[in-house]
Amino acid sequence: MLVIMNKRLITLSLAFAFISSIAVVHAAFDAGSTNLDDNTLGQHQVEKLWAGFAKPDLAALDQFVAPGFQSLHEDGARDWPKERKLVAELKLTPYVLSDYQVTRNGDVLVVTYQCKVGETIAAARLAKESTPRLDVFVQSGSEWKLLSHVNVRRVSSSTAANPLMIAQSPE
């Protein structure tokens, strides 16, 4: 009788262990489906940013930009009010985003990528070419906010002919 009880106990223990392992695997799978991996998360944030640039959807961008935002372009740095003015005048051709590199440290996500786009800024048309970009996002609660945007596209060596300088000039 004792042998039969031990066999039943072992069988029940194995069944419980098997069911428990299925539950753990299922929970991990569900968590993975709601928490994006860093590469997917970074790509998603950049795509969200560029969707805002393309319209331009200034109201959505106002909500997406973090306090302390800075951008960097050939002509220098901008805070959000100055960048917002540039974006308001921006006209884009259909763009292609590629070659993402994503790193994360806690609540900071750094994304570099290539962007192939034609741009019209302050009535100056820039040819469609691929250039490197860098965006930094910071987590704010359950949302990610844009803290910094870097566009290393070379526009012009002449300040007078530089549409970014014209767009930034004081009123």
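Computed quantities for the displayed model
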read-out: Ascending count of other beta-carbon atoms within 10 Å, so fewest first, for Leu49, Leu58; value: Leu58, Leu49
read-out: Neighbourhood charge, 9 Å Cβ-Cβ cut-off, centred on Glu129 and excluding it, Lys, Arg +1 and Asp, Glu -1; value: +3
read-out: Kirkwood hydrodynamic radius of the range 32-155, from inverse mean 1/r over distinct Cα pairs, in Å; value: 14.8 Å
read-out: Net charge dipole size for the range 37-168 [Lys, Arg +1 and Asp, Glu -1 on Cβ; Debye, nearest 20]; value: 420 debye
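Coordinate-derived values only; no laboratory data. Bear in mind that the values here come from a model prediction, so they are computed numbers and not experimental data. Counting neighbours? That spans all protein chains shown, and the Cβs are built from the backbone with ideal geometry, glycine included.
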